Amino acid sequence: MKMLLGCSASFLLLLLLSCLTEPAESRTLHLDSCSVSVHTHELRKYYAHIRSNAISEDNEIGMKLLDRSLMKNVQDGQTCCFLRLVLRFYVERVFSNYASSEPQQQRCSSALANAFVSIRRDIHKCHCQCGEETQRTIDSVHAEFIKLQANRAAQKAVGELDTVLEWLEALGPKTQRN
């Protein structure tokens, strides 16, 4: 038994070290007049662990919070603001109400929330200016969110996170590995 535990601990240590030494892929997002570096690979990795659960437990099939058309119709000069408001929505409304009974999924959703907080902190340095149309768009997302029970709405928003990640990936070219 001790031998088995020793082998398991060694394997976990090697796995941890390989994760720590793997270079992180980042993208430079061009947000109007500034740029922010985002590790989209890391976001995808964390999201992959919670995606199927979030989608399978979404009972509000006919409703969309973040439709792809919202992302495609962001006005020129409003990308920075739109992203800042979407990140705020996820940090303040979604992740604070999202819960899973599985510890691994809890860790992954916490890691995603922390990554969003970090990106949000970088975007605040950009001093984004928000137009009325952008604010109305995000207000409509909030309005749909509050129509549902908080944990159901959070479940739906996490299930739709794929849309946000695709949009983020499209904002900028891949940069060198750091």
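General observations
- The residues of the range 146-174 that are at pLDDT below 90, outside any helix (DSSP H, G or I) and open to solvent by 20 Å² or more (accessible area, probe 1.4 Å), listed by number, are Leu171, Pro173, Lys174.
- Scoring Asp58 on the criteria (1) open to solvent by less than 80 Å² (accessible area, probe 1.4 Å); (2) in a helix (DSSP H, G or I); (3) of a type outside the set (A, V, I, L, M); (4) modelled with pLDDT of 55 or more leaves a single failure, condition (2).
- Among the numbered conditions (1) open to solvent by 20 Å² or more (accessible area, probe 1.4 Å); (2) under 20 Å from Asp162 (Cβ atoms), the only one that Leu87 does not meet is (1).
- Pairs meeting the criteria (first residue in the range 50-61 and in contact (Cβ under 8 Å) with a residue 12 or more places away in the chain and closer than 17 Å to Phe95 by Cα, second residue open to solvent by less than 90 Å² (accessible area, probe 1.4 Å) and among the aliphatic types (A, V, I, L, M), beta carbons under 6 Å, at least 6 apart or on different chains) are Ala54/Val158.
- Qualifying residue in the range 102-114 (condition: open to solvent by 60 Å² or more (accessible area, probe 1.4 Å), among the aliphatic types (A, V, I, L, M) and either closer than 23 Å to Arg44 by Cβ or assigned to a helix (DSSP H, G or I) (or both)): no
- Just one of the listed residues (Ala113, Ala157, Ala153, Ala170) is under 15 Å from Leu29 (Cα atoms) and of a type in the set (Gly, Ala, Ser), and it is Ala170.
The values are calculated or read from the model by the stated rules, or taken from the named source; none is laboratory data. These numbers come from a predicted model, not from an experiment. Heads up, the Cβs are rebuilt from the backbone with ideal geometry, glycines too, and the neighbour counts pull from every protein chain shown. Surface areas here come from the heavy atoms of the whole protein model, side chains and all, with no ligands, DNA or RNA. Shrake-Rupley method; radii C 1.70, N 1.55, O 1.52, S 1.80 Å.
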